[in-house]
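First the structure, in the form of structure tokens, and then the observations on it.
The values are calculated or read from the model by the stated rules, or taken from the named source; none is laboratory data. Quantities reported herein were computed from a predicted structural model and do not represent experimental measurements. Here the Cβ positions follow ideal geometry from the backbone for every residue, glycine too, while neighbour counts run over all protein chains shown. Side chains included, ligands, DNA and RNA excluded: accessible areas come from the protein's heavy atoms. Shrake-Rupley method; radii C 1.70, N 1.55, O 1.52, S 1.80 Å.
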Amino acid sequence: MPQLAKTLNVPTPAVRKPGASWVELPRPRTADAEPTGHVRLGYARASTARQSLDAQLDSLSEAGVTRVFSEKISTRVAKRPELDKAVTLARELRASGVAVTLVVHEHKRLGRGIDLATLAEELKACEVGLEFLTGELQGQHDPSGVVFTVLAALSGMEREYIRDRTLEGHESARKRGKTIGGATVADPDMLAMALHLRQQRLSLRDMAAKLVITTGKKKGQHPSPATVMRMLRDHDEQTTAIADA
């Protein structure tokens, strides 16, 4: 009955055909309705696969988070699948009438500058709360507030400042003939090959046997496993410092 259908106003899936299973969508909230319950969703992120998420996961658990979305991916990557899943679920739960808060250990795990402000505005538009457990933005925030906007912008500027100073320092050292990062026998080609061999899960000893020193007194020799370890460790530390700065 058309009149009854309009009165019930029950949302239906986009695809309906004979034999298809029924999927109930979130029911629309009535105007000014009070939220029924409160869900705290968590998001944890590390920049590299070698970094641990344990500290973030522990803090989220202590904060009463019921479900955590986690991934190891840089903030420079435009699309972060687990973050998208967290935001989508938060939006769906809020549409069904449940109060939702997205909880993150620190704002750097979520984003910086304009990216952080944009995401916060998206959460505010669907009435999802945002909370940081530590850092400069610790606490619950209103993304439309002046304090949040200024601090988010400053976090982005801080990252660019550190990155520019790092690059300037490297360029100044190169002009003086100094080696940047790694052991003195290392060069960009050796580092690139070492990274490739590490992806193949070779041991340090096997990696050293396949690498050849191209400069200096040890030209033509193989580096030691310890040299390979230091070279990879320094590379990882520099990459992490720039990504998380």
In sequence order, what are the phi-derived ³J(HN,Hα) couplings for region 221-230 according to the Karplus relation 6.51 cos²θ - 1.76 cosθ + 1.60 with θ = phi - 60°, rounded to whole Hz, with x for glycine and proline? 8, 8, x, 7, x, 5, 5, 4, 5, 5
Contour minus Cα-Cα distance for C126 and D58 (0.36 nm per residue): 21.7 nm
Assuming 0.36 nm per residue, please report the length gained on full extension of the stretch T118 to A99 beyond their Cα-Cα distance. 4.7 nm
Would you mind checking which residues have amide H under 5 Å from A46's amide H? H placed 1.01 Å from N; only 5 or more apart, or other chain. E71, K72, I73
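Could you tell me what percent of the accessible area of region 72-124 is made up of carbon and sulfur, with a 1.4 Å probe and every protein chain present?
56
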Using the Karplus equation 6.51 cos²θ - 1.76 cosθ + 1.60 (θ = phi - 60°), what ³J(HN,Hα) coupling, rounded to whole Hz, does each residue of region 56-64 give in order, writing x for Gly and Pro? 5, 5, 5, 5, 5, 5, 5, 7, x
How far apart, in nm, are the 7 Å Cα→Cβ label points at K85 and R50? 2.6
For D236 and T36, extending 7 Å from Cα along the Cα-Cβ vector and measuring point to point gives, in nm, a value of 4.9
